[in-house]
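Trainee: Sharing a structure below in structure tokens format, with a few things to ask.
The numbers here are math on the coordinates, done by the rules we state, and not lab data. Here the structure is a predicted model, which means the values were calculated and not measured. Counting neighbours? That spans all protein chains shown, and the Cβs are built from the backbone with ideal geometry, glycine included.
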Amino acid sequence: MGSDFASQNKEAYMIIGTTKELKNHEYRVGLTPDNVLSYVNDGHTVYVETHAGEGAGFSDEMYAEAGAIILDTPQEVFAKADMIVKVKEPEACEYDLLREGQILYTYLHLAPNPELTNALIERGVKAVAFETITDAEGNLPCLRPMSQIAGRLSIQEGAKYLEKNFGGRGILLGGVPGVERGKIVIIGGGIAGTYAAKAAVGIDAQVTLLDVNLNRLSYLEDVFGASVTTLYSTEANIRKCLAEADLVIGSVLIPGGKTPKLIRKEHLSLMKKGAVIVDIAIDQGGCCESSHVTTHTDPVFIEEGVVHYCVGNMPGAVPHTSTIALANATFKYGRMIAKYGLEEAVKRDAGLANGVNIYNHKCTNKNVADSLNLEYTNLFEVVA
């Protein structure tokens, strides 16, 4: 296999595979035809499950022209590939397709998912999570594009579910002359929160953004000026803002770890009937205590009169944009893994090493380990 070659050579030959995503209405795909062409030109072999990219606008013919070998089933792809490149974490029916020593390169979001974490540990998978890879500045380059998209979508979806026929208040967020504009509260001023604020300002809503990082609040005030009110995030400020909000965006992030429950069930009684919460953080457990994962097929539920939108794969609704944006960020690291093998690649790039959540039956991400009460092992104690 290609991974055996990696241990003997500075540059590795690797067999790479991507399969069709199984999550509800998930149309993104792990590799674009452009990615395939680059891998093939680098001397690697790429297998693509038939129809894997159709939902994102990429046909089997486009992959074949780029040099991919098209296979009929995910079982065939998993069986052949040294590295599986996906978008979302494996579904339970895919666990048994994974094997000892195989590299899984995808979003994992393990902190709220002990079942998947245990499956990866038991099978000896080398699991590299997009969302915990860091760059030289400590940013999260592979999470950034999906956070940008989710932030923009949060306002789009929130506006829709404020409509009366969906159980919302019947509010037009941008208002019209003579009618007060809707009030949007954004909790968390990271990338998703910032892009939510951009979209909210763009529709002329009243926007308040809360965060605990004063430097970040200063930056956001410089960016948005008087268009956004910034507040330090305290219990009192959260309660005040929830009582006034028509739309609440939860965009809190602890990289690799569970999201703190800043909106508790007791807070719902403070909110207006028909107000909407969009919990972008649901992938990591959600920042609203009453949240649970929903799907694009059944995206909302109502609790105590408040509409909750908690879709775990929001960017999957715009798969063409999302697939290209994601590939732009993730391909760099995948190419490095394929070129050098994972073990050599993480020695060359400490930020990529931060992406390795599971390795050699061990949990190698501290936030994941702490969230799931697992023993944490430093990656470089087990990497050969």
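Trainee: If you take the C-alpha gyration tensor of the stretch 149-219, multiply each eigenvalue by 5 and take the square root, what semi-axes do you get, largest first, in whole Å?
Mentor: Numbers: eigenvalues 108, 36, 19 Å².
That gives 23, 13, 10 Å for the three semi-axes.
Trainee: Over the chain, what number does the Rg to Rh ratio reach, with both radii from the alpha-carbon atoms and Rh per Kirkwood?
Mentor: On the way: Rg = 21.5 Å, Rh = 21.5 Å.
Checking Rg against Rh, the ratio lands at 1.00.
Trainee: Based solely on C-alpha atoms, express the radius of gyration and the Dmax of the stretch 268-384 in angstrom.
Mentor: For the stretch 268-384, the Cα-based Rg and Dmax read 19.2, 57 Å.
Trainee: Which percent, to the nearest 5, of DSSP beta bridges fully inside the chain are antiparallel?
Mentor: On the way: 8 of 48 bridges.
Bridges in the chain are about 15 percent antiparallel.
Trainee: Under 11 Å from the Cβ of Pro90, count the other residues' Cβ atoms, weight Lys and Arg +1, Asp and Glu -1, and hand me the total. Please list the in-between numbers first.
Mentor: On the way: positive: Lys23, Lys86, Lys88, Arg123; negative: Glu21, Glu89, Glu91, Glu94, Asp96, Glu115.
Around Pro90, the charge tally is -2.
Trainee: I'd like to know which of Met271, Thr32, Asn365 lies farthest towards the positive end of the charge dipole of the chain, counting +1 on Cβ of Lys and Arg and -1 on Cβ of Asp and Glu.
Mentor: Comparing the listed Cα positions along the dipole, Met271 ranks first.
Trainee: Count the net charge of all other residues whose Cβ sits under 15 Å from the Cβ of Lys164, scoring Lys and Arg as +1 and Asp and Glu as -1.
Mentor: On the way: positive: Lys160, Arg169, Lys272, Lys273; negative: Glu163, Asp246.
After counting each charged neighbour, the total is +2.
Trainee: Pop out the ³J(HN,Hα) list for the stretch 343-355 in order, Karplus 6.51 cos²θ - 1.76 cosθ + 1.60 with θ = phi - 60°, rounded to Hz; leave Gly and Pro as x.
Mentor: 5, 6, 4, 5, 6, 7, 9, 5, x, 5, 4, 5, x
Trainee: Count the DSSP beta bridges whose two residues both fall in the stretch 209-308, then state the antiparallel fraction as a percent rounded to the nearest 5. Intermediate results must be reported in sequence, preceding the final value.
Mentor: Working: 3 of 13 bridges.
Given both bridge residues lie in the stretch 209-308, the antiparallel proportion sits at roughly 25 percent.
Trainee: Once you have a ≥ b ≥ c as the square roots of the Cα gyration tensor eigenvalues for the stretch 144-312, tell me rounded if a/c is under 1.5, and otherwise prolate or oblate according to whether a/b is larger than b/c. Intermediate values should be presented prior to the final figure.
Mentor: On the way: a/c = 1.34, a/b = 1.05, b/c = 1.28.
Verdict is rounded for the stretch 144-312.
Trainee: Please report, in debye to the nearest 20, how large the charge dipole of the stretch 129-205 is about its Cα centre when each Lys and Arg carries +1 at its beta carbon and each Asp and Glu carries -1 there. Could you put the intermediate results ahead of the total?
Mentor: Working: 8 positive and 7 negative charges, 66 e Å.
Rounded to the nearest 20 debye, it is 320 debye.
Trainee: Report the relative contact order of the chain, percent, no decimals, based on alpha-carbon pairs under 8 angstrom and at least 6 residues apart. Could you put the intermediate results ahead of the total?
Mentor: On the way: 869 pairs, mean separation 70.9, N = 384.
Answer for the chain is 18 percent.
Trainee: Could you grab the relative contact order for the stretch 144-312? Cα pairs under 8 Å, six or more apart, rounded to a whole percent. Present the calculation step by step, with values, prior to reporting the outcome.
Mentor: On the way: 386 pairs, mean separation 36.4, N = 169.
Reported relative contact order: 22 percent.
Trainee: With each pseudo-label sitting 7 Å past Cα toward Cβ, what's the Ser227-Arg99 distance in nm, one decimal?
Mentor: 5.3
Trainee: What is the extension gain from Glu91 to Lys347, computed as 0.36 nm multiplied by their sequence separation minus the C-alpha to C-alpha distance, in nm to one decimal?
Mentor: Additional length available on full extension: 89.1 nm.
Trainee: Could you work out the helix-only [θ] at 222 nm for the chain, with each DSSP H run of four or more residues adding -39,500 (n - 2.57) and the total divided by the number of residues, to the nearest 500 deg cm²/dmol?
Mentor: Details: 14 runs with 133 residues, N = 384.
It lands at -10000 deg cm²/dmol.
Trainee: I need the shape label for the stretch 49-139. Rule: rounded when a/c is under 1.5, else prolate if a/b > b/c, else oblate, with a, b, c from the alpha carbon gyration tensor.
Mentor: Working: a/c = 2.03, a/b = 1.37, b/c = 1.49.
It comes out oblate by the Cα gyration axes.
Trainee: Further question: Which number gives the lysine pairs in the stretch 82-193 that have C-alpha atoms under 27 Å apart and are eight or more places apart or on different chains?
Mentor: Values: Lys86/Lys126; Lys88/Lys126; Lys88/Lys160; Lys160/Lys183; Lys164/Lys183.
Counting lysine pairs in the stretch 82-193 gives 5.
Trainee: Per 0.36 nm of contour for each residue apart, how much would the distance between Glu115 and Glu180 grow if the chain were fully extended, relative to their Cα-Cα spacing? Provide the component values of the computation, followed by the final result.
Mentor: On the way: separation 65, 0.36 × 65 = 23.40 nm, distance 4.72 nm.
The span from Glu115 to Glu180 would gain 18.7 nm if fully extended.
Trainee: What number comes out for the charge environment of Asp204, summing +1 per Lys or Arg and -1 per Asp or Glu over other residues with Cβ under 15 Å away?
Mentor: Numbers: positive: Arg181, Lys183, Lys198; negative: Glu180, Asp246.
With Lys, Arg at +1 and Asp, Glu at -1, the net is +1.
Trainee: For the chain, give the magnitude of the charge dipole about the Cα centre (Cβ charges: +1 Lys/Arg, -1 Asp/Glu; no others), in debye to the nearest 20. Walk me through the intermediate numbers first.
Mentor: Working: 34 positive and 47 negative charges, 205 e Å.
It comes to approximately 980 debye.
Trainee: Could you list the GluC sites (Glu not before Pro) in the stretch 109-199 that lie in coil according to DSSP, counting only those with at most 11 other Cβ atoms within 10 Å of their Cβ?
Mentor: On the way: sites: Glu115, Glu122, Glu131, Glu137, Glu157, Glu163, Glu180; in loops: Glu137, Glu163, Glu180.
Listed in order of number, the matching sites are Glu137, Glu180.
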